[in-house]
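Chemist: Let me begin by handing over the structure; questions about it come next.
Where a number appears in this text, it was derived from the coordinates with a stated rule and is not lab data. Note that this is a predicted model, so its numbers are computed, not measured. Quick reminder, even Gly has a Cβ in these numbers, built from the backbone with ideal geometry, and neighbours come from all protein chains shown.
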Amino acid sequence: MSAAPSSDRLPQIGKYELLEELGHGGMATVYRARDPRLERDVAVKLIHKHLREHAEVRSRFVAEAKAVAKLRHPGIVDVYDVAEDDDPERYLVVELIRGTTLRKLLDSHPTMPAEIVAILGSILCDAVQHAHDAGVIHRDIKPENVLVEIAPPPGDGAAVPAARASNSGAAGSDPQAADRSGTSSSRRGRVRVKLTDFGIAKVLDAQGVTSTGQILGSPAHMAPEQIEAGEIGPHTDVFALGVLMYECMVGHLPFHGSNPAQVLRRVLGGTYDAPDAERPEIGARWAAILAGALQHEIANRTKSAAELAESIARELTALGIDDRTKWLEDYFASPDEARAELVASIVPRLIERGEREHRNGAALAAAGDLNRALALRPHDLAILKRVGTLARARAMREWVRKAVLLAACASLVGVLAFGTTRLVKSQRARGDVVPVIASAPLVATAEPATPAVTSAPASASSGSEARGAEPATVSPTSSALVAVSRGALDARVGRVQRRVRFHATPEGARLTLNGTELAWFGQVHVLAPGSYSVTGAMPADVPCCEPVTLGVTVTAPPKEAPDELQTVAVPLTIKPARAMLAGSPAGSSMTCDNGLTVAQQGIASVRMTRVEWAGACSFSPGGTKRRVTLRAGELTKVSWPR
């Protein structure tokens, strides 16, 4: 919502006197107005003419406004009044918030301390859960729809300057909600955070009505199910809360791109940079909480706003953040000083918890806390020493584990060697034939495999060593005793290997063999015969294909062609392509040569046999034809031809 100057020619709304224009957005223009009956200032949202002339928008606007008007929560902007069905205008009267939007605060402070963001997030979670309990889904949670009012300190009559941005106002806090958040009553009321514009996305979703024919909502804040026209519910708002908190902590959106199409593809792909990798000061625990809210699959996502709030509360309590209102007030009064005070408060707790986790054997959790403490105070030698001690302890445990394993293996080999020697001596005392234990070749890129073992047959008549006998291939065995002539004991056991080339489709896929990445393109690998696991996957930023894991058997080469190449195909599963028809008239559709048909404002998918398809598509009505390009795993927006 952008600010706008006042105008001498303001619209006339029956019961309200419009005083000045505060701002305007894609749906409505917001005015400061006076309610003469109750003698109070209010905000009036007057929806744009092209929207209020649409019959379904008119009816939905009234229905949604009445539903939202039932919500009474300190974190939600109160709705006072709504236009009647027979009113020529469509307007909403809400409390006037004398503050600014979270978006404008982020413009001046792109990154906030994780704990400050968590406090804001807990307030929003509480408000969203209240709405969900009343059956209202927001659908468009983003910083532009979060209002922050900074009231004067107690006893100070001067108002704190704030950008005139929105449709919000001043209202008393809920004492019970404040007590639940651990706030201090002496500071209550100085900072208020409110969520606005509930249900607006649903109002605009009337036959896809928007001013530009674009996809509804803010693409970077939308959940995957919104983009794919799936089931909308409380989980949709949980995803948006995760996006909002990520942006406030990291300084940029988790799903970003140079245009809306790129953003939509990344949301649908479900890949983003871990917040603690982007900013180590955030730490692994906050990163895990965000990851729960940002899960692509609904079944894996944090179940509700209340559950997200509980996760936030547990971590804030563990860090000693009890008086949350104090921290919020201090931060908005002086961000730099509050940030320094916050670091001084939580770093000792991070160290204490990290060392406790270390003593309890939770090395990963300990490393997360100590690494975050070091990121917050990078020049603190005491923390650096603790992190170094933890690293050495982990290395020592790993060394001991390996040493124990090696000792056990050595003991087993010793026992087997002793038994074999005794058996060999016993056999020598009785005749020519002696046993040999078959062993596996050492191949760096393979799991231990059992190779074929070559042997020469003993002479049954004379008992001679038969040194010149032709070797014969024996079937592979594991820990089996294979009879060979006594003279063959002095010969080296043959190592049978195979030249193998892997061919992945489509090109650009990455291959791993038994967990080790292969530089596969055009290269030949020498492997021992046996069973392997090969996984093919595209890079994270290429959404075309599903990864595939295959069980592969490398066979021994033919005797007559020991250098014969074995080729292994690794075909990835190509995802369907999706297309969306935007800005089309009623009853329209697009039909393409590959079998794709998309109805008005809808999204349809088509099976792909290759990564990219380009062909002719017909638009009806009108019979216009145009070449369209579709890409596997991506959503392509096709604008109606003008």
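Chemist: Mind ranking 592-601, 78-87 by how tightly packed they are, going by the mean number of other C-beta atoms within 10 angstrom, highest first?
Modeler: My ranking of the peptides, most packed first, is 592-601, 78-87.
Chemist: Enter the mean projected area of the convex hull around the alpha-carbon atoms of the range 511-574, in nm², rounded to one decimal.
Modeler: Averaging across all directions leaves 4.8 nm² for the Cα convex hull.
Chemist: Using Cα positions and a limit of under 20 Å, work out the lysines in reach of K15, with same-chain residues fewer than 8 apart set aside.
Modeler: The reachable lysines, counting only those whose Cα sits under 20 Å from K15, are K45, K49, K66.
Chemist: Please compute the net charge surrounding I574, taking Lys and Arg as +1 and Asp and Glu as -1 over other residues with Cβ under 9 Å from its Cβ.
Modeler: After counting each charged neighbour, the total is +2.
Chemist: Moving on. Efficiency by 1/(1 + (r/R0)^6): what FRET value for E228 and A261, r their Cβ-Cβ distance, R0 = 22 Å, to the nearest 0.05?
Modeler: For E228 and A261, the calculated efficiency is 0.90.
Chemist: Also, quick follow-up: State to the nearest 20 debye the size of the charge dipole of the range 35-133 about its Cα centre, where the only charges are +1 on K and R beta carbons and -1 on D and E beta carbons.
Modeler: With only Lys, Arg, Asp and Glu charged at Cβ, the dipole is about 220 debye.
Chemist: Now for a separate question. Checking the a/c ratio against 1.5 first, then a/b against b/c, what shape does the Cα gyration tensor give for the range 577-639?
Modeler: Note, shape of the range 577-639 comes out prolate.
Chemist: Using packing as a proxy for protection, rank 529-538, 240-249, 12-21, 62-71 so that the peptide with the highest average count of other Cβ atoms within 10 Å comes first.
Modeler: 240-249, 529-538, 62-71, 12-21
Chemist: Turning to a different aspect of this structure: Placing unit charges on C-beta atoms (Lys and Arg positive, Asp and Glu negative, everything else neutral), compute the dipole magnitude of the range 577-639 about its Cα centre in debye, rounded to 20.
Modeler: 80
Chemist: Separate question: Taking a cut-off of 24 Å between Cα atoms, list the lysines near K625, but don't count ones fewer than 8 places away on the same chain.
Modeler: List returned: K637.
Chemist: Residues with beta-carbon under 13 Å from that of G536, excluding G536: net charge, scoring Lys, Arg +1 and Asp, Glu -1?
Modeler: Every neighbour counted, the sum reads -2.
Chemist: Which order do peptides 559-565, 327-333 fall in by mean Cβ count within 10 Å, highest first?
Modeler: By packing density, highest mean first, the sequence is 327-333, 559-565.
Chemist: Give, as a single signed number, the net charge of other residues whose beta carbon lies under 15 Å from the beta carbon of P547, with Lys and Arg counted +1 and Asp and Glu -1.
Modeler: Its environment carries a net charge of -1.
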